[in-house]
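> For reference, the structure I am asking about is given below.
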């Protein structure tokens, strides 16, 4: 069964208040070696049995573009495991 | 005027909006269920505040796929007035009817408080007759109201006079403190190119009677009624 993993991240130019808050907290905890934190979203799509990897990728990319990400602020990356 | 108030699962300002239109202003109001495919006999549409579909994924991201949104998009394309308040604004952004996207508030907190916004243009369906520079006091209640657009798009938006409201101090000054959620250029509301679709984060329906601390929001609905009367 093919599995598609979709990673949605804020574009580099977009300020990430959540990432900044986490980064600040890490500083408080003493992790001074962490220079920056960016928060994103991760989706795992299980494709129906028999769906070939190429089709799984096409479907996942279409879903990522249409639904899972907002192109104004986010970009995405898709990984497929056959 | 006849105002259709769209109800999504999770809308929570639908009744407030209905109340202001019907009981405060004395016009006609009706609820439109998100699963309906037609708006019925309405002159204007309001997408109310709330947390449609729990705002899972992103604010407004799932609601934009509701059957009623096709009818709202067609209504807007014909020049019909559409107002999105708070979550309604976010849904209109996700649907591509208004520009920009909302990030988490700069301090990552949900902000529920009165704010001052300055009217930046009188040339929209909800600000007609309200002089540019007028400061209105209305509450906000959101976690994701940090308006974002890339700089070049912001320049174009401003050039076209499509910034409708900006967060300001009580005396109308743009300051970092007054821009409570960190929005790009302190933007609290925008309109589309045809100026018949407007979205704003503050809640005019929660500030339409003096008993609620401010009646400034009433002017937004009165402006809408005036536009429709002239049409």
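> For the pair residue A:15 and residue A:58, what calculated FRET efficiency results from E = 1/(1 + (r/R0)^6), where r is the Cβ-Cβ distance and R0 = 51 Å, to the nearest 0.05?
Efficiency for this residue pair is about 0.95.
> Mind giving me the nanometre distance, one decimal, between the label points for residue B:173 and residue B:12, set 7 Å out from Cα along Cα→Cβ?
3.5 nm
> Still on this structure, I have one more. With angles folded into 0 to 90 degrees, how steeply does helix A:53-63 sit against the dominant principal axis of chain A? Use alpha carbons for both and round to 10.
Long axis of A:53-63 versus the principal axis of chain A: about 50 degrees.
> Taking 8 Å as the Cα distance limit and 6 or more residues as the minimum spacing, I'd like the relative contact order of chain A as a percentage. Please report the intermediate quantities before stating the final value.
Details: 125 pairs, mean separation 42.7, N = 82.
Reported relative contact order: 52 percent.
> Tell me the label-point distance for the pair residue A:48, residue B:226, using the 7 Å Cα-to-Cβ offset, in nm and rounded to one decimal.
Taking the two extended label points, one gets 5.7 nm.
> Can you compute the FRET efficiency between residue B:36 and residue B:56 using 1/(1 + (r/R0)^6), with r the Cβ-Cβ distance and R0 = 25 Å? Round to the nearest 0.05.
It comes to 0.70.
> Highest GNM mean-square fluctuation, chain B, Cα pairs closer than 10 Å: which of B:153, B:14, B:43?
Answer for the Gaussian network model of chain B: B:153.
> Before anything else, pin down the relative contact order of region B:129-231: Cα pairs under 8 Å, at least 6 apart, normalised by residue count, whole percent.
About 30 percent, as a whole number.
> Separate question: Decide, for region B:50-122, between rounded, prolate and oblate: order the square roots of the alpha carbon gyration tensor eigenvalues as a ≥ b ≥ c, take rounded if a/c falls under 1.5, and otherwise choose prolate if a/b is larger than b/c, else oblate.
oblate
> Can you pull the mean other chain C-beta count within 10 Å for peptide A:67-75?
Per residue, the average neighbour count from other chains is 5.
> Name the shape class, rounded, prolate or oblate, that the alpha-carbon gyration tensor gives for region B:2-230, where a ≥ b ≥ c are the square roots of its eigenvalues, rounded holds for a/c under 1.5, and otherwise prolate holds if a/b is larger than b/c and oblate otherwise.
Rounded is the answer for region B:2-230, as its axis ratio a/c remains below 1.5.
> In addition: Counting only other chains, and only Cβ atoms inside 10 Å, what mean value do you get across the residues of B:57-63? Before the final figure, lay out each step's value.
Details: counts 7, 8, 1, 1, 4, 1, 0.
That works out to 3 on average.
> Just tell me how shielded B:94-105 is by partners: mean number of partner chain Cβ atoms within 10 Å of each residue's Cβ, no decimals.
3
> Among B:94, B:74, B:120, whose mean-square fluctuation peaks in a Gaussian network model of chain B (Cα, cutoff 10 Å)?
Among B:94, B:74, B:120, the largest GNM mean-square fluctuation belongs to B:74.
> Continuing with this model, one more query. Roughly how many nanometres apart are two label points built 7 Å out from the Cα toward the Cβ at residue A:77 and residue A:31?
Using points 7 Å along Cα→Cβ, the separation is 1.9 nm.
> Next up: When chain B is treated as a GNM, springs tying every alpha-carbon pair under 10 Å, which of B:202, B:114, B:81 comes out with the largest mean-square fluctuation?
Top of the fluctuation ranking is B:114.
> Round to a whole angstrom and tell me the spacing of the C-alpha centers of region A:33-69 and region B:1-68.
32 Å
> May I ask for the angle, rounded to the nearest 10°, between helix A:17-28 and the longest principal axis of chain A, with both axes built from Cα atoms and the value confined to 0 to 90°?
50 degrees
The numbers here are math on the coordinates, done by the rules we state, and not lab data. Not measured: the values here are computed from a predicted model. Positions of Cβ are generated from backbone atoms using ideal geometry, with glycine treated the same way; all protein chains shown enter the neighbour counts.
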